[in-house]
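Written below as structure tokens is the structure these notes are about.
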Amino acid sequence: MAGSSRSVMRKSAWGRTDPNTRLLAGAALIALVGLSGLTPKSIFGLELIWPYAALWGAAGWASAGLSMRPMLLLCLFGLAQDMSFVSPIGSFMLVNLATYGAAALVSETLDVEADPIKAVLVAAFAMGVGFGLMWIMASAKADHAVSLFPILLTFVVTLVLFVPVAPLFRLGRRPGERGYR
């Protein structure tokens, strides 16, 4: 339209990517960060705080709404986390799915696709739910309230590192859906 005042914006290559490919790319990043976390994590005798990358997927993928494929991936990552942290089987699955559910609930209420600030606030809330549940389960297993400080530090590192990679976890729509909502 030559006379139209509305300009057509071109989408980036990532913007043209379908949700299934985005889901797999996000899963690959989570797996890479998770596997890297299994190596020794100290520099000059100082212990590094490693993020829970599965919560990146839980918070980011939920903006498209509830969908089985992200939930299955989060369960697989949770099982891997349970085995690597020697925690009761299902613990991290529950944490990942609770984070995903909280993010989906709030994302459905707010328009997080249009406002990146809201998206980060929703992610912070959802990750807070996940880390809170993690603290409750750790305290129940230990039979006393475990120290909150290490969990808070891990929460902050996970959230701060999520901000630059958050666009990688935007699906745009549910995997398997046709067209945009």
* **In order through the range 155-165: 3J(HN,Hα) via Karplus (6.51 cos²θ - 1.76 cosθ + 1.60), integer Hz, x for Gly, Pro** => 4, 5, 5, 4, 5, 5, 6, 6, 3, x, 9
* residue 111 to residue 46: extension gain in nm, 0.36 nm per residue of separation minus the Cα-Cα distance? -> 19.3 nm
* To do: With a 1.4 Å probe and every protein chain left in place, tell me how much accessible area residue 33 has, in Å² to the nearest 10.
  => 20 Å²
* Asked: If you roll a 1.4 Å probe over the heavy atoms of the protein chains, what accessible area per residue do you get for the chain, in Å²?
  -> 59 Å²
* Largest-first ordering by accessible area, 1.4 Å probe, given options 23, 153, 133, 148 -> 148, 153, 133, 23
* **Whole-percent carbon and sulfur share, accessible surface of the range 19-169, 1.4 Å** => 76 percent
* Enumerate the calculated ³J(HN,Hα) couplings along the range 136-152 in order (Karplus 6.51 cos²θ - 1.76 cosθ + 1.60, θ = phi - 60°), each rounded to whole Hz, writing x wherever the residue is Gly or Pro. => 4, 5, 5, 5, 5, 5, 7, 6, 7, 5, 6, 4, 7, 4, x, 5, 5
* Label residue 68 and residue 121 with points 7 Å out from Cα along Cα→Cβ: what is the distance between them in nm? -> 3.5 nm
* Asked: Measuring from the lowest to the highest alpha carbon on each principal axis, how far does the chain reach, largest first, in angstroms?
  -> 69, 36, 25
* Asked: Which value, in Å² and to the nearest 10, is the accessible area of residue 89 when all protein chains are kept and the probe is 1.4 Å?
  -> 120 Å²
* Sort 170, 22, 16 from largest to smallest accessible area, using a 1.4 Å probe on the heavy atoms of the protein chains. => 16, 170, 22
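The values are calculated or read from the model by the stated rules, or taken from the named source; none is laboratory data. Model, not experiment: these values are computed from the prediction. Note: ideal-geometry Cβ built from the backbone for every residue, glycine included; neighbour counts use all protein chains shown. Remember, those area values only see protein heavy atoms, side chains included, never the ligands or the DNA or RNA. Shrake-Rupley method; radii C 1.70, N 1.55, O 1.52, S 1.80 Å.
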